[in-house]
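Enquirer: Please find one structure pasted underneath; my questions will follow.
The values are calculated or read from the model by the stated rules, or taken from the named source; none is laboratory data. Please read these numbers as outputs of a predicted model, since none were measured by experiment. Every residue, glycine as well, gets a Cβ built from its backbone with ideal geometry; the counts of neighbours run over all protein chains shown.
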Amino acid sequence: MFSAGVRERYQQDLRGIEEAGLLKRERLIRSPQGADICVEFPPGAPVKRVINLCSNNYLGLSSHPEVVAAAREGLDARGYGMSSVRFICGTQDIHRQLEERLTGFLGTEDTLLFPSCMDANAGVFEAILGEADVMIADRLVHASIVDGMRLCRAQQDTFKHSDMGHLEEKLQEHQDKRARMVITDGVFSMDGDLAKLDEIVALAERYDAMVFVDDSHATGFIGRTGRGTHEHRGVVGRIDVITTTLGKALGGASGGCVSGRLELVEMCRQRARPYLFSNTVPPVIVAGALKVLDLIGTSTERRDKLEESTRYWRSGLLELGFDLKEGESPIVPVMLYNAKLAQDVARDLFAEGIYVVGFFFPVVAKGLARIRTQLSAAHERHHLDAGLEAFARVGVKHGILGKGRKEIVEAYGA
Amino acid sequence: MDTTRVIEVPLPEGMKPAPEELESLGTLLRAVVELHGGGHAWEKVARRLEEEGWTLHTRVGWIVEARRGRDFEQAAALSRDEAFHELQSLVQLDVVPSSP
């Protein structure tokens, strides 16, 4: 029973979240996703057109007319929903077709679709590892991987972020286990840095370990032909499990997958709980994703444009005097260190017509607050120039241009 | 009728057992009592599980718990070193929640 006392306890918890400055408020978007969008914030305010610099719409395909048309055709041809899990009566020919296309694109042996990459990560470890095995994860892996690891009975261990020396120590320490699996993101979502997959694979091969990569922030645009971090690092065909999402560059709707060694994917098909017990990916999403693969399979124009925009944006911010995290991906964190400063800058940028979000503890480590900007192939030069001008004005207002961590912390606090 | 028995151990003057030493002693004695019969509720559960095909194995070990605000982690192992090692792994997995 939801008594008054129970209600009051939850209200107190919510007040605590708000008092800590952690309450999340949604902004209503009254347009399709794109380089610029119409936003109503706060609720009831006039709808405002702003440049979006915080989406995962890396290839600009979220509202692409050909993707929308393909999805519409899929809806007409294959219906709205399957009302079933995959293995009962939820697999259409287009599901298998998409899995085969993803297998080819990622350079693996087989692929299995999941309702999301969050579901893929939740289910994969428990399906393929047991208590005689060990998972050795980078300490900054995505939350969905942490959740999946906790559901698995294999032993858990971690290595310092991107520290290959520490990883080697861990691999040596766990030689007594039946199997070892090294787990990493391909591109880390808050810093935008890329995993050293070539070194990880070399260590894994030396110490007889499997390699798992969540490439959600890379599939479609990292690597010369956009296959992902493994292509960028020259290790295609040597990653045992790749999970990725259809909800970012590959259309931005929903859906995810596990892709990799034939036997591991088949184990997921037989045992992964989110696959066994959750509804199949809707036909409309599958149809849209197939079109996305058509578009990016025949041309690297979009990922090339994204790469160039990233270079332009990054060098523009650096010239203005912002403190950036080094990196190669279209995730470009603007470091502000102080939580309130990050919130104030994001608020002022919104007033200037730029939609970004400030991130601070506990989403990032204390004292490392930032605004995470994300580029899209949908951004044209004028979007980026307008963004840089807005950043310049806001940077001057807050006196942070040309300042590094020490000066910003001295002025604003840690 | 249950009988409470008292065990007296003379300690050298000035010796003050630490709380965790007393807790360890208590755990050891409880394990001895359990092995001699103790409660019997576990036997029914064990019998049922074995009938269902489970193989059972009982061990005494260390449980370590860590709390910080709303966060809670717990690890169990045969040795205290192993339990803390596992606890550290659990804590470090969530050292910084990540963003989509």
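Enquirer: Kindly establish whether A:PHE188 is of a type in the set (Phe, Trp, Tyr), in contact with a strand residue (DSSP E or B) (Cβ under 6 Å, 6 or more places away or on another chain) and buried (at least 20 other Cβ atoms within 10 Å of the Cβ).
Expert: Taking the combined requirement at face value, the residue does not satisfy it.
Enquirer: Kindly evaluate A:GLY123 against the criterion of being within 14 Å of chain B (Cβ to nearest Cβ), small (Gly, Ala, Ser) and either without any contact (Cβ under 8 Å) to a residue 24 or more places away in the chain or assigned to a helix (DSSP H, G or I) (or both).
Expert: no
Enquirer: Examine the range B:58-79 for a residue that is more than 13 Å from chain A (Cβ to nearest Cβ), modelled with pLDDT under 85 and over 14 Å from the mean Cα position of the chain (by Cα), and state whether such a residue exists.
Expert: No; the residues of the range B:58-79 include none that is more than 13 Å from chain A (Cβ to nearest Cβ), modelled with pLDDT under 85 and over 14 Å from the mean Cα position of the chain (by Cα).
Enquirer: Take A:VAL394 and tell me if it is crowded, with 17+ Cβ neighbours inside 10 Å, touching a residue at least 24 places away in the same chain (Cβ under 8 Å) and β-branched (Val, Ile, Thr).
Expert: Yes: the conditions hold for A:VAL394.
Enquirer: Within the range A:73-94, does at least one residue satisfy the condition of being surrounded by 14 or more Cβ atoms within 10 Å (Cβ to Cβ) and hydroxyl-bearing (Ser, Thr, Tyr)?
Expert: Checked the range A:73-94: at least one residue is surrounded by 14 or more Cβ atoms within 10 Å (Cβ to Cβ) and hydroxyl-bearing (Ser, Thr, Tyr).
Enquirer: Among the residues in the range B:20-42, are any over 30 Å from A:ASP185 (Cα atoms), at pLDDT 80 or above, more than 14 Å from every other protein chain (Cβ to nearest Cβ) and more than 18 Å from the chain's Cα centre (by Cα)?
Expert: yes
Enquirer: So if I check each of A:ALA342, A:ALA365, which one is buried (at least 18 other Cβ atoms within 10 Å of the Cβ), out of contact with any Cys (no Cβ under 9 Å at 6 or more places or on another chain), within 23 Å of A:ALA143 (Cα to Cα) and within 14 Å of another protein chain (Cβ to nearest Cβ)?
Expert: Of A:ALA342, A:ALA365, the one residue that is buried (at least 18 other Cβ atoms within 10 Å of the Cβ), out of contact with any Cys (no Cβ under 9 Å at 6 or more places or on another chain), within 23 Å of A:ALA143 (Cα to Cα) and within 14 Å of another protein chain (Cβ to nearest Cβ) is A:ALA342.
Enquirer: Mind listing just one residue for me: the one in the range B:48-75 that is among the small types (Gly, Ala, Ser) and over 14 Å from B:VAL91 (Cα atoms) and, of those, surrounded by the fewest Cβ atoms within 10 Å (Cβ to Cβ)?
Expert: Taking the range B:48-75 as the starting set, the residues that turn out to be among the small types (Gly, Ala, Ser) are B:53, B:61, B:66, B:69, B:75.
Still in the list and also over 14 Å from B:VAL91 (Cα atoms): B:53, B:61.
Numbers: B:GLY53: 6, B:GLY61: 12.
Once the filter is applied, the top-ranked residue is B:GLY53.
So that you can scan it fast, the table gives a plain yes or no per residue for (1) touching a Lys or Arg at 6+ places or on another chain (Cβ under 9 Å); (2) in a loop (DSSP other than H, G, I, E, B); (3) touching a residue at least 24 places away in the same chain (Cβ under 8 Å):
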| site | (1), (2), (3) |
| --- | --- |
| A:GLU26 | no, yes, no |
| A:ARG49 | no, no, yes |
| A:SER55 | yes, yes, yes |
| A:SER63 | no, yes, yes |
| A:ALA71 | yes, no, yes |
| A:ALA77 | no, no, yes |
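Enquirer: If you don't mind, there's one more thing I want to ask. Select from the range A:140-186 the residues that are more than 9 Å from chain B (Cβ to nearest Cβ) and either touching a Ser or Thr at 6+ places or on another chain (Cβ under 6 Å) or among the acidic types (Asp, Glu) (or both) and list them in ascending order.
Expert: A:ASP147, A:ASP163, A:GLU168, A:GLU169, A:GLU173, A:ASP176, A:GLY186
Enquirer: Another question, if that's okay. For the range A:224-236, check the following and say yes or no: at least one residue is assigned to a strand (DSSP E or B) and surrounded by 24 or more Cβ atoms within 10 Å (Cβ to Cβ).
Expert: Of the range A:224-236, the ones assigned to a strand (DSSP E or B) are none.
No.
Enquirer: Which ones in the range A:126-139 are modelled with pLDDT of 95 or more and more than 12 Å from chain B (Cβ to nearest Cβ)?
Expert: Within the range A:126-139, A:GLU126, A:ALA127, A:ILE128, A:LEU129, A:GLY130, A:ALA132, A:ASP133 qualify.
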